[in-house]
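The values are calculated or read from the model by the stated rules, or taken from the named source; none is laboratory data. Here the structure is a predicted model, which is why all the values come from computation and not from measurement. Heads up, the Cβs are rebuilt from the backbone with ideal geometry, glycines too, and the neighbour counts pull from every protein chain shown.
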Amino acid sequence: MQLNGYKPKIVAFCCNWCSYAGADLAGSSRFTYPDNVKIIRVPCSCRVDPVFILRAFGGGADGVMICGCHPGDCHYTSGNYHTRRRMKLLFSMLDYLGIEKERMKLIWISASEGEKFASAATDFMNTVARLGENRRLGDLRCKSKTEQN
Amino acid sequence: MQKQNGTELKNKAKQLLQNKTVDRVAGFCAGEFAYDPSPCVFYSAEEIEENMIYDCFCSPNFSKFLVKETKKPGRIAVFMKPCDTYSLNQLITEHKIDKDKIYIAGIGCDGMVDVFKLRNKTGSAILKASCDNGALTVKTPDGDMTFAFDEVLAERCLVCKSKKHVYYDELLCEPSFETDTGRFDKVEQIEKMSADARYEFFRSELSKCIRCNACRDACPACTCETCVFGESSSGAESRENANEFEEKLFHIIRAYHVAGRCTDCGECSRVCPQRIPLHLLNRKFILDINRFYGVYQAGETVGQIPPLTDKNESDPEV
Amino acid sequence: MKRIGVFVCSCGSNIEGAVDVCKVVEAMSKEPYVVYAANCKYMCSSSGQELIGKAAAEYELTGIAVCSCSPRMHEATFRKAAASAGLNPYKVEIANIREQCSWVHKDTAEATGKAITLAKAAVSKLCRDEELYPQSFPVTKRALVIGGGIAGIQTAEDISNAGYKVDIVEKKPSIGGKMAMLDKTFPTLDCSACILTPKTVDISHNENVRIFSYSEVESVSGYVGNFTVKIRRKARYVKEDLCTGCGLCAEKCPTKNVPNEFDLGLGSRSAIYIPFAQAVPKVAVIDPDSCRMLKDGKCGLCSRVCGAKAIDYSQKDEITEEKYGAIAVATGIDPIDVTPFDEYSYKNSKDVITALELERILNAAGPTNGRLVRLSDGIRPKTVVFISCVGSRCTEEDERGKTYCSKICCMYTAKQAILIKEKYPDTDIYVFYIDVRAPGKNFDEFYRRAAEKYGVKYIKGMVGKVCDENGVLTVKAADLINNEQMMIGADLVVLAAAVEPDKTAKALASKLNASIDGNGFFNEAHPKLRPVESPTAGVYLSGACSGPKDIPETVAQASAAAAKIIGLLSKNTLESDPCTAHADELKCSGCSLCANVCPYNAITYIEKEFRMPDKTVKIRRVASVNAAVCRGCGACTVACNNGAMDLHGFSREQILAEVDSICS
């Protein structure tokens, strides 16, 4: 999927028990979503370290999704509650630093929500595509690419 | 201006050694310049009498220093200003300091001088400095100068969060209270700026970073055995073997790793040679935690669970 | 040296249809460390697995990347294949190029490109895979069954028959559950008590079974094979071992007007009581809220008349601690509260009753001795209206009811209609329904018999309102087939209330670390393939705790859960999943942040001696993970600031490698 020839890179961390299964269900139900969304399987959304997210952005990702079980449904009972706090604070910090908050998203997707996964991935892709290439996070300390050129 | 003078502390220190309460005392001795007293450990009354000083330049937070000191045999006495005791509690919570090996004498504090501010104001070398009666008198090659204390006080002292000692074995001053000085004002002001302006502000600030790691080394919450940002075995202790990623994201991760554990002692900003206001990152986390999960002051008591390792079903959604 | 084999599955045309598998093979064969790449029609087939074996031997592979369907589908298959090829089974990674690629992306170029990216990410992760080995730990050969209804009884019976010890914990004073309250059962119309009682009596005499009645699970710790459960034995104020169940105490008790729970409050009991005639254990219990002795210290009559000297007013709740290898949840279902359905006048009229209340009324041992009468005036009703789906199949917005079908209502409604018609053929019976759902052995025949042979009037349509005007009930309804409004003067209205999980289920689930769904039913480990296991290892689901079920289905599932438990208890040791957290002691600073977030209390701290380079010894506090308790969620790994805590199978290095591979 492209927007004006620009194809954002999106990394989606999916917990094994709910969201990854939800993405599988999107597949077996043939709900399509953009191919630039690539999924990384983690046991639980609470395995997602802010470092992973920042590393993805640093490496050139334009958007990062973290998908977990709905609150109360965590396979490990409380993992997603930890994820929620961690991401709330991390996203708020990045926003504070002037980095578009819309580039990161925490979504609850159950194993039965194949359609929700597909539509969430599509919506997120569109949002990120509108924001354009991710420059800010990668360049927070250095001069922006345009300035360098 | 510090409430206890050097003589008072000296006498106390000598007494603690003489009556065998402790085996050694941590304090300050004169540095190379008038404004840079350095932390040191005294083993005898004679050393104390000869070298120990205390004045409005004795800023460093002694709590982190105790992590290594308490691994040594014997008990050590430390004079602590109120803000230091919060960091101390946090370190005790994290099993970094053994309470049995410390003796804390709480000392009153009216704030410490910001040396950078002072040097900017004097514009020339500081040969001698003395603080008295709410004013600081500085001797320079160009003559004496006097400043009102508020003019040269460190930012963290201007917005001091608490005059209360949350840990002590003995108080040398009157017990005091937490204060409300609007320390989040600047954070809230930044929050109100546009995203572009925020980005520009932090980019220009963080661009100054030379990755000297002074902030990390001074931070009482940074006490990992090894740091994610390189290890001493790499032979680059103070100049990390940084790859590009670490370069860019160092400050976000640094602040994130201490979020919920940072007591807002302000050491990071104090030691930054580039004058980056690093406390603005830490305070943002503190403010957010207060907003989302209820008011929380790290280090207030021993045994608190830091908000980032706690949870509640009814936490707000992202 | 890493030598990686990449196997690209076509999955018939499932993958091949959208992904150019040849291009994937070609691209992957050029990747670093990849020494072999091939395509196969079906990797999961025996020929596909043979291909893995052959290539592993021929190319001396050290790791295997399979580009195929979801790892949730065949990860175990390929791990086994790797193991039989002589590799460590954890040196296998799967690129999901079916569910997450060929099935969702139609454009071949896009799908092929993504498949290659995913395959590369899998190889990057694979390059960092460690060889992992499961740990083994012992199994306590005793099972706990929570709930003493027909499900719990059946599970316990089957486990005990296999020679293992079982304890049943039942919160009520007697086992028997809902089935003990029923009159007859569908579709055979045999007497519920007649088929249940022999089982309850048998189980009480079974020497492998202990029954903790009037008890509740207080806390659960441990893990599969090694649970430690604290059981609260509520004070009965009657010594269970001395009471003979003669019932004299209840007869003499001066407090007689307490609503009888077993009769749903339609009848009354005394303050000291035996719940019902066939109660097991047949032991009296004192209700402390109504007993004069316990409330005011004045009475003591039961103690005086008890020949067995079984009364003990000073009894306190006791906590006993037991060890179990497996736990079966058999907490069952309850009818919902129908009072919020104002339109049916349940609150206002004594003659609007629930189906379970009707069950007690029809029961010969019930409050009316089995005579069908109106509770308001004791007169036999001539016109009875059944309303089905009360609280079932509600819309999401209707908070009074449930969105699901309660499954059993259609059949018990038909049963109750037949029972009334058998006894009182002149009764006019109407049944209002949305659909009649009767898909079971002899079920549809049974329902048709009610409608055709007994002349029960089935009307498709919902009841809008039941009006109670001076004791006269009027049912206002719509007949959707004849498209007309109906007004029926009814003597009795019976509501087929939806069923919901037992009230204690939610709290129990959190004690067990088992998950429940939005409706409060226990989640299955897999809804189709593992219906009697919970996702929590060692916790099994018996009967209706996982969803509404009738008796035969409940019993079948209870036996299935028992079979699973017997399988577990028959093992002397269990092997744990090696994908657990572990602390690097050289990096760990013992700060305890990780233990704060561990949901299983798997992390403890030890003081450990370290020999330093200068030959001195340093003692440091470091984290230690109990691999048998750790389930591998990874919460601790993120709480750990310097990466001392890491997770086997999903290590920091592995995930970062995937991130880098995808982003590059």
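So that you can scan it fast, the table gives a plain yes or no per residue for (1) at pLDDT 95 or above; (2) under 30 Å from C:Glu357 (Cβ atoms); (3) crowded, with 21+ Cβ neighbours inside 10 Å; (4) small (Gly, Ala, Ser):
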position	(1), (2), (3), (4)
C:Gln485	no, yes, no, no
C:Leu495	yes, yes, yes, no
C:Ala509	no, yes, yes, yes
C:Ala514	no, no, yes, yes
C:Gly518	no, yes, no, yes
C:His526	no, no, no, no
C:Leu529	no, no, no, no
C:Pro535	no, no, no, no
C:Gly538	no, no, yes, yes
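Does B:Thr146 meet the test of being surrounded by 14 or more Cβ atoms within 10 Å (Cβ to Cβ), assigned to a strand (DSSP E or B) and free of Cβ contacts under 8 Å to residues at least 60 places away in the same chain? No: the conditions fail for B:Thr146. Among the candidates B:Asp36, B:Asp110, B:Asp55, the residue that is touching a strand residue (DSSP E or B) at 6+ places or on another chain (Cβ under 8 Å), more than 14 Å from chain C (Cβ to nearest Cβ), assigned to a loop (DSSP other than H, G, I, E, B) and among the charged types (D, E, K, R) is uniquely B:Asp55.
When the residues of the stretch B:279-298 are narrowed to those that are part of a loop (DSSP other than H, G, I, E, B) and in contact with a Lys or Arg (Cβ under 8 Å, 6 or more places away or on another chain), which ends up farthest from the other protein chains (Cβ to nearest Cβ)?
The residue in question is B:Gln297.
Does A:Thr32 satisfy the criteria of being more than 30 Å from B:Glu313 (Cα to Cα), facing chain C (nearest Cβ under 8 Å) and polar (S, T, N, Q)? Yes; evaluated as a whole, the condition is true for this residue.
Look at the stretch C:538-552: where a residue is of a type in the set (Val, Ile, Thr) and a partner is modelled with pLDDT of 95 or more, sitting 6+ places away or on another chain with Cβ atoms under 7 Å, you get C:Val539/C:Ile327; C:Val539/C:Val329; C:Ile551/C:Ile150; C:Ile551/C:Met179; C:Ile551/C:Thr185.
Here is a check on your reading of the model: is C:Ser68 loosely packed, with under 15 Cβ neighbours inside 10 Å and either closer than 30 Å to C:Ala525 by Cβ or at pLDDT 95 or above (or both)? The answer is no for C:Ser68. Looking for whichever is touching a strand residue (DSSP E or B) at 6+ places or on another chain (Cβ under 6 Å), of a type in the set (D, E, K, R) and either at pLDDT below 90 or in the same structural domain as B:Gln297 (by TED's automatic domain parsing) (or both) here; the options are B:Glu247, B:Glu191, B:Glu178, B:Glu205. Which one fits? When all the criteria are applied, what remains is B:Glu178.
For (1) assigned by TED's automatic domain parsing to the domain that holds C:Pro89; (2) part of a loop (DSSP other than H, G, I, E, B), each residue gets a yes or a no:
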{"residue": "C:Cys101", "(1), (2)": "yes, no"}
{"residue": "C:Tyr133", "(1), (2)": "no, yes"}
{"residue": "C:Glu157", "(1), (2)": "no, no"}
{"residue": "C:Pro173", "(1), (2)": "no, yes"}
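Out of B:Lys20, B:Lys64, B:Lys72, B:Lys10, one residue alone is out of contact with any Pro (no Cβ under 7 Å at 6 or more places or on another chain), at pLDDT below 95 and within 14 Å of chain C (Cβ to nearest Cβ). It is B:Lys72. Screening C:Arg72 on (1) without any contact (Cβ under 8 Å) to a residue 60 or more places away in the chain; (2) under 27 Å from A:Cys15 (Cβ atoms); (3) more than 14 Å from every other protein chain (Cβ to nearest Cβ) shows it passes everything except condition (3).
Taken together, the residues in the stretch A:48-57 that are in contact (Cβ under 8 Å) with a residue 24 or more places away in the chain and either surrounded by fewer than 24 Cβ atoms within 10 Å (Cβ to Cβ) or under 23 Å from B:Pro306 (Cα atoms) (or both) amount to 5.
Which of the following residues is out of contact with any helix residue (DSSP H, G or I) (no Cβ under 9 Å at 6 or more places or on another chain), among the small types (Gly, Ala, Ser) and either surrounded by fewer than 22 Cβ atoms within 10 Å (Cβ to Cβ) or free of Cβ contacts under 8 Å to residues at least 60 places away in the same chain (or both): C:Ala235, C:Ala284, C:Ala271, C:Ala250? Sole residue among the options that is out of contact with any helix residue (DSSP H, G or I) (no Cβ under 9 Å at 6 or more places or on another chain), among the small types (Gly, Ala, Ser) and either surrounded by fewer than 22 Cβ atoms within 10 Å (Cβ to Cβ) or free of Cβ contacts under 8 Å to residues at least 60 places away in the same chain (or both): C:Ala235. Any residue at all in the stretch C:559-570 that's within 30 Å of C:Lys415 (Cα to Cα) and either assigned to a loop (DSSP other than H, G, I, E, B) or not hydrophobic (A, V, I, L, M, F, W, C) (or both)? Within the stretch C:559-570, one or more residues are within 30 Å of C:Lys415 (Cα to Cα) and either assigned to a loop (DSSP other than H, G, I, E, B) or not hydrophobic (A, V, I, L, M, F, W, C) (or both). Taken over the stretch C:106-117, the criterion of being within 9 Å of chain A (Cβ to nearest Cβ) and surrounded by fewer than 24 Cβ atoms within 10 Å (Cβ to Cβ) is satisfied by C:Lys106, C:Asp107, C:Glu110, C:Ala111, C:Gly113, C:Thr117.
Kindly evaluate C:Glu16 against the criterion of being surrounded by fewer than 16 Cβ atoms within 10 Å (Cβ to Cβ), farther than 24 Å from C:Glu130 by Cα and not small (Gly, Ala, Ser).
Working: surrounded by fewer than 16 Cβ atoms within 10 Å (Cβ to Cβ): no; farther than 24 Å from C:Glu130 by Cα: yes; not small (Gly, Ala, Ser): yes.
No.
Within the stretch B:270-287, can you find the residues that are modelled with pLDDT of 95 or more and among the polar types (S, T, N, Q)? The one that is modelled with pLDDT of 95 or more and among the polar types (S, T, N, Q): B:Asn282.
Could you tell me whether any residue of the stretch C:72-80 is part of a loop (DSSP other than H, G, I, E, B) and either β-branched (Val, Ile, Thr) or more than 20 Å from A:Ala21 (Cα to Cα) (or both)? Checked against the condition, which is being part of a loop (DSSP other than H, G, I, E, B) and either β-branched (Val, Ile, Thr) or more than 20 Å from A:Ala21 (Cα to Cα) (or both), the stretch C:72-80 yields no hits at all. Look at the stretch C:472-489: where a residue is free of Cβ contacts under 8 Å to residues at least 40 places away in the same chain and a partner is surrounded by 13 or more Cβ atoms within 10 Å (Cβ to Cβ) and outside any strand (DSSP E or B), sitting 6+ places away or on another chain with Cβ atoms under 6 Å, you get C:Ala478/C:Gly461; C:Asp479/C:Gly461; C:Leu480/C:Gly461. Within the stretch B:182-211, can you find the residues that are away from chain A (no Cβ under 14 Å) and surrounded by 14 or more Cβ atoms within 10 Å (Cβ to Cβ)? Answer for the stretch B:182-211, where residues must be away from chain A (no Cβ under 14 Å) and surrounded by 14 or more Cβ atoms within 10 Å (Cβ to Cβ): just B:Arg183. For the stretch B:212-222, a residue qualifies if it is part of a helix (DSSP H, G or I) and either in contact with an Asp or Glu (Cβ under 8 Å, 6 or more places away or on another chain) or crowded, with 19+ Cβ neighbours inside 10 Å (or both), and the qualifying residues are B:Cys215, B:Arg216, B:Ala218. With respect to the numbered conditions (1) hydrophobic (A, V, I, L, M, F, W, C); (2) crowded, with 16+ Cβ neighbours inside 10 Å; (3) in contact with a strand residue (DSSP E or B) (Cβ under 9 Å, 6 or more places away or on another chain), which one is the sole condition not fulfilled by C:Ile434? It fails just one condition, (2). State which residue is surrounded by the most Cβ atoms within 10 Å (Cβ to Cβ) when the search covers only the stretch B:91-105 and only residues that are acidic (Asp, Glu) and part of a loop (DSSP other than H, G, I, E, B). Going through the qualifying residues, I end up with B:Glu94.
Candidates in the stretch A:79-118 are the residues that are outside any helix (DSSP H, G or I) and more than 12 Å from chain B (Cβ to nearest Cβ); of these, the one that is surrounded by the most Cβ atoms within 10 Å (Cβ to Cβ) is A:Ile109. Among the criteria (1) among the hydrophobic types (A, V, I, L, M, F, W, C); (2) more than 12 Å from every other protein chain (Cβ to nearest Cβ); (3) surrounded by fewer than 23 Cβ atoms within 10 Å (Cβ to Cβ), the one C:Cys579 does not fulfil is (2). In this structure, C:Pro613 does satisfy being over 30 Å from C:Gly113 (Cα atoms) and over 29 Å from the mean Cα position of the chain (by Cα).
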